[in-house]
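**Student:** Got a structure for you, questions after.
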Amino acid sequence: MDRTDGPAASGVAGAVGVPGASGAAAAPGGAGRAYAAVDLGASSGRVMLGFIDRSHGSPRIRMTEVHRFANGPRPDSLAPGATLEWDVDRLFDETLTGLAAAVDAAAAAGCVLAGIGVDSWGVDYALDDVAAEGGGAVSIPSVAHHRGADPAWVAEAAAVVRDERVYAVTGIPPHPINTSARLRAAVTSPGGTAASARPAHTASPAGPAAMSGAEPDGHTRAGTLLLVPDLWVRLLTGTIGAERTIASTTQLLDARTGTWSRELIDAWGLGAVDFPEVTPSGTPAGVTLPWVTARLGAARPVPVHRVAGHDTASALAFAAPGDGQLLVSSGSWSLAGISVAAPVLSTEALAAGLTNERGVGDSTLLLRNLAGLWLLTECARQWSNESGRMLDPLDLVREASLLPDSGVPVFDVGDPRLLAPGGMPERIAALCVERGHPAPKGVLGTVRSIVESLAAAYAESVGLLERVTGERLRSVRIVGGGSRNELLCRRTAALTGLPVVAGPAEASAFGNLAVQLVAAGEFATLAEVYASGGMDATGPAVAAATDGIVRYEPGGVTGGADSRGVGDGIAQDQSGEVVTR
């Protein structure tokens with residue numbers, strides 16, 4: 001059923017303001033409680049398990065990885081002429097394997113698994129025919145990969161609704177990966193969704209039935225729009241919904257109301273698509289289905305919450321409007337921006353390519369959507385194939401860091417021509433030449449060019465955001481996998497002229513966990529969760545929780561987390577710090 005009107009619900013505090021409001025049952029026999037964060041990245045996924053240690057008075061949070069797995073397109077979808085799709089069958093199976101490991105790890109620690117949350121990358125979706133559910137095998141619908149998007153779809157969508165009007169409603173600029181343009185092409189083009197459908201795969205002999213694609217009244221429906229975290233919740237619990245942070249990546253959510261935009265849905269001919277009700281982060285989704293519970297080896301069904309489904313929102317759950325930080329979530333993609341109290345929908349923001357995506361609570365993340373370290377892994381993949389030996393991107397960066405800092409050719413990491421896989425070193429060389437720079441020399445020259453170009457884009461973001469918002473930025477915070485890239489962090493400090501605090505790498509998983517802990521009534525606020533995880537207003541509280549957090553000075557001086565203090569402009573706000581395992 002379409003839900004496109006009504007007042008916007010509040011954020012995580014409003015969804016879980018009453019301790020225990022989620023209805024989660026207490027652990028039997030007084031056992032401790034543990035929570036699993038399923039964090040799906042574009043190149044890898046992991047299941048992290050969080051424990052609350054109350055043995056020393058004040059609660060302390062420990063987070064450990066129980067399962068990690070590769071992610072990528074389904075192999076047969078890489079064939080010439082095929083539609084590029086995610087390997088969702090394997091990815092969901094790996095998720096269940098990880099959750100079963102979480103059940104075992106919790107039991108070994110004298111705990112029960114008391115909650116599950118799922119976050120993932122944005123924009124990619126499934127059309128799930130929910131109306132036809134019955135008995136049999138679970139249908140895992142196909143999920144097209146955003147890197148297979150046709151740039152022409154953007155122009156076709158703009159011919160129906162002008163970019164300026166779309167931005168005024170959604171705060172999302174035009175881009176080939178946007179859900180809106182891809183969904184419009186799937187639904188309204190000849191053959192529509194039927195042309196891109198594939199048979200359902202059996203995920204369990206005791207799961208719900210495959211979906212038929214038609215409603216009981218005989219009217220054909222395209223299906224229910226489910227982005228990846230909401231699809232995973234559907235598979236785990238059987239319930240349907242749309243969490244607000246992940247829904248905001250679609251270019252179909254009204255940036256002011258936080259509800260689906262009926263104006264754009266109608267204008268783009270998406271009436272055959274069912275849009276689930278949008279709910280805030282922390283909303284309880286239900287408990288695991290019987291067959292899922294059995295597969296996990298859990299003694300009872302496990303509660304599932306709709307956490308901040310967009311991994312960027314989870315990674316930046318600590319951010320607060322006006323905290324003076326450039327926030328960089330650095331992984332396969334780079335998202336660089338700030339937290340603001342309300343969406344910025346000006347023509348200047350549109351011209352700057354800034355995207356307004358929902359954060360945890362009632363905040364908005366005003367971001368630049370840039371290519372990330374996928375550029376490096378894609379180059380390494382090609383070089384490995386050409387050389388016949390596996391090249392490690394981390395080793396390549398370490399070697400490239402020995403090259404001089406001056407004279408490195410740079411290119412625009414936001415160029416849409418970098419979207420598709422294949423031929424990446426050649427495209428990077430061409431883009432460098434377009435900007436009047438020489439092409440990078442060899443493998444290490446290309447690696448250095450990638451890192452320098454990312455750092456230059458982060459530095460450019462500082463000035464751009466200051467001009468658009470009037471906010472002065474005093475520091476940079478890099479989280480995600482890129483926080484482990486010493487060269488990237490060092491060059492970002494040098495090019496921005498600002499101190500950089502790097503880490504943690506697993507920020508998305510911890511943000512996922514933090515929302516669950518508030519939703520389950522374990523903590524009253526997110527700030528309390530982050531403080532209990534090892535960070536408070538004065539710096540690290542638990543040494544083990546701050547492993548890998550490093551400060552980089554513009555002059556090249558680096559230090560551990562202990563080098564920070566409240567007077568240095570980094571740790572002045574409690575919510576401006578984040579925890580790691």
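The values are calculated or read from the model by the stated rules, or taken from the named source; none is laboratory data. A quick note: this is a predicted structure, and the numbers were derived from the prediction, not measured. Neighbour counts run over all protein chains shown; Cβ positions are idealised from the backbone, glycine included. To get the accessible areas, we keep the full protein, side chains included, count just its heavy atoms, and leave off ligands, DNA and RNA. Shrake-Rupley method; radii C 1.70, N 1.55, O 1.52, S 1.80 Å.
**Student:** For the range 461-516, name all the residues that are within 20 Å of residue 308 (Cβ to Cβ) and of a type in the set (Gly, Ala, Ser).
**Tutor:** Selection gives 480, 481, 482, 483, 503, 505, 507, 508, 509, 511, 514.
**Student:** Name the residues in the range 95-114 that are over 29 Å from residue 179 (Cα atoms), of a type in the set (Gly, Ala, Ser) and in contact (Cβ under 8 Å) with a residue 60 or more places away in the chain, would you?
**Tutor:** Passing the criteria: 100, 102, 105, 106, 109, 110, 114.
**Student:** Given the criteria at pLDDT 95 or above and more than 30 Å from residue 254 (Cβ to Cβ), does residue 376 qualify?
**Tutor:** Against the criterion (at pLDDT 95 or above and more than 30 Å from residue 254 (Cβ to Cβ)), residue 376 qualifies.
Every residue, every condition in (1) assigned to a strand (DSSP E or B); (2) open to solvent by 20 Å² or more (accessible area, probe 1.4 Å); (3) within 19 Å of residue 354 (Cβ to Cβ); (4) small (Gly, Ala, Ser), yes or no:
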{"site": "433", "(1), (2), (3), (4)": "no, yes, no, no"}
{"site": "439", "(1), (2), (3), (4)": "no, yes, no, yes"}
{"site": "447", "(1), (2), (3), (4)": "no, no, no, no"}
{"site": "456", "(1), (2), (3), (4)": "no, yes, yes, yes"}
{"site": "466", "(1), (2), (3), (4)": "no, yes, yes, no"}
{"site": "477", "(1), (2), (3), (4)": "yes, no, yes, no"}
{"site": "482", "(1), (2), (3), (4)": "no, no, no, yes"}
{"site": "498", "(1), (2), (3), (4)": "no, yes, no, no"}
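**Student:** So in the range 339-379, with the set limited to residues that are of a type in the set (Gly, Ala, Ser) and in a strand (DSSP E or B), which one is nearest to residue 519 (Cα to Cα)?
**Tutor:** 339
**Student:** Also, quick follow-up: Given 203, 195, 222, which one is over 30 Å from residue 296 (Cα atoms), crowded, with 20+ Cβ neighbours inside 10 Å and modelled with pLDDT under 95?
**Tutor:** Checking each option against the conditions leaves just 222.
**Student:** Now for a different question. Which condition number in (1) touching a residue at least 40 places away in the same chain (Cβ under 8 Å); (2) more than 22 Å from residue 46 (Cβ to Cβ) is the one that residue 153 fails?
**Tutor:** Unmet condition: (1).
**Student:** With respect to residue 517, is the statement that it is open to solvent by less than 10 Å² (accessible area, probe 1.4 Å), in contact with a Gly (Cβ under 7 Å, 6 or more places away or on another chain), modelled with pLDDT of 50 or more and not in a loop (DSSP other than H, G, I, E, B) true?
**Tutor:** no
**Student:** Still on this structure, please answer the following. Out of 295, 300, report the one residue that is open to solvent by 10 Å² or more (accessible area, probe 1.4 Å), at pLDDT 95 or above and part of a loop (DSSP other than H, G, I, E, B).
**Tutor:** Answer to the selection: 300.
**Student:** Determine which single condition residue 391 fails, assuming it passes every other condition in (1) surrounded by 15 or more Cβ atoms within 10 Å (Cβ to Cβ); (2) over 26 Å from the mean Cα position of the chain (by Cα); (3) not in a loop (DSSP other than H, G, I, E, B).
**Tutor:** Of the numbered conditions (1) surrounded by 15 or more Cβ atoms within 10 Å (Cβ to Cβ); (2) over 26 Å from the mean Cα position of the chain (by Cα); (3) not in a loop (DSSP other than H, G, I, E, B), the odd one out for residue 391 is (3).
**Student:** Can I ask one more? Any idea how many residues of the range 52-66 are over 19 Å from residue 39 (Cα atoms) and assigned to a strand (DSSP E or B)?
**Tutor:** 3
**Student:** While we're here: I'm trying to understand the selection: among the residues of the range 36-63, which are of a type in the set (A, V, I, L, M), modelled with pLDDT of 95 or more and touching a helix residue (DSSP H, G or I) at 6+ places or on another chain (Cβ under 6 Å)?
**Tutor:** 36, 37, 38, 47, 48, 49
**Student:** Answer with yes or no whether residue 66 is open to solvent by 30 Å² or more (accessible area, probe 1.4 Å) and in contact with a helix residue (DSSP H, G or I) (Cβ under 6 Å, 6 or more places away or on another chain).
**Tutor:** yes
**Student:** May I pose another question? Which ones in the range 249-271 are closer than 23 Å to residue 309 by Cα, charged (D, E, K, R) and assigned to a helix (DSSP H, G or I)?
**Tutor:** 262
**Student:** While we're looking at this one, here's another question. Exactly one condition in (1) at pLDDT below 95; (2) more than 28 Å from residue 87 (Cα to Cα); (3) surrounded by fewer than 24 Cβ atoms within 10 Å (Cβ to Cβ) is not met by residue 254; state its number.
**Tutor:** Result: residue 254 fails condition (1) only.
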